[in-house]
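Trainee: Pasting a structure below so you can have a look.
The values are calculated or read from the model by the stated rules, or taken from the named source; none is laboratory data. Because the structure is predicted, anything quoted here is derived from the model rather than measured. With ideal geometry, Cβ positions are generated from the backbone for all residues, glycine too; neighbour counts draw on all protein chains shown. With ligands, DNA and RNA removed, areas are computed over all heavy atoms of the protein, side chains included. Shrake-Rupley method; radii C 1.70, N 1.55, O 1.52, S 1.80 Å.
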Amino acid sequence: MLTTLPPDILAFFAVILRGLQLTAQSVILGGVLFLLGFSRPLAPRLGRGVVAMERTGLGWIAKGGFALVVVAGLSIFANLAQLVAGLEIHAHDAIGADFVQWNIIMAVAALALAVTARMAANPAQLSSLALLSMVVLGASVMSSHAFARVDEREYYILADALHQAGASLWIGGIPFMLLALSHVSASKDRLMVGMRFSHLFTGAVGLLLVGAAMLAWGYIATPGALIGTAYGIMTGAKITLLAVLLFLAAMNRQSTRSESLDKGQFRLRRFAEVEIGIGITVLMIAASMASQPPAADQTQHQATIMEIVERMAPTRPPRLVSPDSATLTQVGMERSAATEVADKMWSEFNHNWAGIFVLAMGLGAMAHRMGVGPARHWPLMFLVIGGAIILRSDPESWPIGPKGFFEALADPEVFQHRVVGLLLFPFGLFEWGVRTGRLKSERAALIFPVLCAVGAGLLLVHNHTLTDVKERFLIEFSHIPMGLFGVMSGWLRWLEIRGDGRARRVAGLLWPICFSMVGLLLIFYRELP
């Protein structure tokens, strides 16, 4: 059974599962931080409310543990399938692989942790949760690049442990800060909650940065590797989003100084929501990086700055005329120079026209904000793009090529294109309903920013199945800024809907600009000189 599953699609699911594992792990470690660093030490000041607060917090930890059990179980299956289908290893032998064994340990520890969190309060509960969370963290580290290193393995294990611990405690602790704020009402108590978590998160960020610096020193080492490899540019994407998170954290720290700066900690709560969303995106990027060889191991396939500039510079107009599908590489045909050029022209045509529509939507959103009534229908253009992606993105598959609809889904690139195309339909319809007043609830309005952030996140972990490592990198290099602008567009729109005052106005001005930047990048996307 395992040998029938396409290795490429298994690799894509393995990335998604790794991201979900890091997310569930963050909930667990963030919850333990909440208990050890907040609710227990400050119980005398919190009074009777701490009981209900801890009960809810323990419930979240238990849910995180059970979720991790499911994700780890699916990861074990995906890993076994990759070994059996990709390397033709017998299933019994594959179970003995180190990363499979560590996933099993993680699942067992997560189950024990979830059961412990659901038990009645007892003196050993907190220490047991702390110990089991460390086992979960250790198993995660031991199933990463760090344990696979032959040289200086202890250095990389320590670096990855610090990095993962810091990220998990910070991102996973934010929901518990919001939980604590929801259980206090007095102004001084809200300030106390904000300040306490600010101090805890400062320590977590310190761990994260120290671990990141150590990993960058070993895995990247040179500026050329940072710029010229997939691992390097993914690191750059993480750094960019980390800078945004640190900015939001700095703004939230200001909110903890005085109630007059942020009445009711309203801005802090809204910024924290955005931090959670961007933080999960960072975890998904980290999961994608785990599937890439470290930059230091790619010395033979690094792209130079000149190659990157040559690819990215808008030296010619967009390609608005499509090549004939008969000129493209067909199934079973050996790729020739002519068909390879036609394939790239096809891809450029699709990207460039998508960019025109995305830019038009961004400008439409700006016009609607300025009071132009008919511009409110701009979200309907999502339906055009979604249909085009499903029908035209992959010329070898239905309805253009000979591959059937379901047969083509075995290719992870086709699968991802179809998923993104389908996402655009609810994407556009919900936002159109909001813009035209057909949908008035806040939840309906939040569909657009959530799907925007999810779609951009998929773009950031998007895989291409090219054998030419450098060409694959150059394509991915163009996708990274699109994904970053997409993520920012989604969460700025979220802040416009959920925020108030100056933060809402600024977010409302910025998100259409970020959206339009995605369009501009698509318009000038190219694969040919």
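Trainee: How big is region 128-195 along each principal axis, measuring the range of its Cα positions in Å and listing the largest first?
Mentor: 55, 22, 13
Trainee: Ignoring any ligand, DNA or RNA, what whole percent of the accessible area of region 7-297 comes from carbon and sulfur when the probe is 1.4 angstrom?
Mentor: 69
Trainee: Moving on. Mind jotting down a quarter of the surface of the convex hull over the alpha carbons of region 231-320, in square nanometres, one decimal?
Mentor: 9.7
Trainee: Given the DSSP H assignment, sum -39500 (n - 2.57) over each helix run of at least 4 residues in the chain and divide by its residue total; what's the result at 222 nm in deg cm²/dmol, nearest 500?
Mentor: Per the formula, -25500 deg cm²/dmol.
Trainee: Go through region 249-258 residue by residue and turn each phi into a ³J(HN,Hα) via Karplus (6.51, -1.76, 1.60, θ = phi - 60°); whole Hz please, and just put x for glycine and proline.
Mentor: 5, 5, 5, 5, 5, 4, 5, 8, 7, 7
Trainee: Can you tally the net charge around ARG18? Count Lys and Arg as +1, Asp and Glu as -1, for every other residue whose Cβ sits under 15 Å from the Cβ of ARG18. Write out the running numbers ahead of the final one.
Mentor: Values: positive: LYS238; negative: ASP160.
Net charge in that neighbourhood comes out at 0.
Trainee: Under a point spin-label approximation (7 Å from Cα along Cα-to-Cβ), what is the LYS440-LEU528 distance to one decimal in nm?
Mentor: The two pseudo-label positions are separated by 5.4 nm.
Trainee: What figure in square angstrom, to the nearest 10, would you give for the accessible area of PHE415 with a 1.4 Å probe?
Mentor: 50
Trainee: Another one. Put ILE447, ILE233 in order of accessible area, largest first, 1.4 Å probe: what do you get?
Mentor: So, going from the largest accessible area down, we get ILE447, ILE233.
Trainee: Oh, and also: Taking a cut-off of 29 Å between Cα atoms, list the lysines near LYS440, but don't count ones fewer than 8 places away on the same chain.
Mentor: LYS263
Trainee: At a probe radius of 1.4 Å, what is the per-residue accessible area of LYS238, in Å² to the nearest 10?
Mentor: Rounded to the nearest 10, the figure is 40 Å².
Trainee: What is the packing order of peptides 166-172, 497-503, taking the mean over residues of other C-beta atoms within 10 Å and listing the highest first?
Mentor: So the order, starting with the most tightly packed, is 166-172, 497-503.
Trainee: Quick one: helix 125-142 against the long Cα principal axis of the chain, what's the angle to the nearest 10°, folded into 0 to 90?
Mentor: 30
Trainee: So how much accessible area does ARG504 have, in Å² to the nearest 10, using a 1.4 Å probe?
Mentor: 110
Trainee: Measuring with a 1.4 Å probe in the full set of protein chains, what accessible area per residue, in whole Å², belongs to the chain?
Mentor: 44
Trainee: Which distance in Å, rounded to a whole number, links the C-alpha centroids of region 124-147 and region 30-47?
Mentor: Each part reduced to its Cα centre gives a spacing of 21 Å.
Trainee: Ok, one more. log10 I(q)/I(0), Debye, Cα-only region 314-472, no solvent, q = 0.18, 0.21 Å⁻¹?
Mentor: Normalising to I(0) and taking log10 leaves -1.17, -1.43.
Trainee: Still on this model: Using heavy-atom solvent-accessible surface (probe 1.4 Å) with all chains present, what is the largest-first order of LEU520, LEU208?
Mentor: LEU520, LEU208
Trainee: Given N residues in the chain, what is its alpha carbon radius of gyration divided by 2.2 N^0.38 Å?
Mentor: 1.01
Trainee: Something else: Looking only at region 469-504, which residues have a backbone nitrogen under 17 Å from a spot 7 Å from the Cα of SER336 in the C-beta direction?
Mentor: Within reach of a label on SER336, which here means backbone N under 17 Å from a point 7 Å along Cα→Cβ, region 469-504 contributes nothing.
Trainee: If the cut-off is 16 Å between C-alpha atoms, which lysines fall inside it for LYS344, apart from same-chain ones fewer than 8 positions away?
Mentor: In chain and number order, the partners are LYS470.
Trainee: Once phi is turned into ³J(HN,Hα) by the Karplus curve 6.51 cos²θ - 1.76 cosθ + 1.60 with θ = phi - 60°, what whole-Hz value does each residue of region 503-512 show in order, with x for glycine and proline?
Mentor: Result, rounded to whole Hz: 4, 5, 5, 5, 4, x, 6, 7, 5, x.
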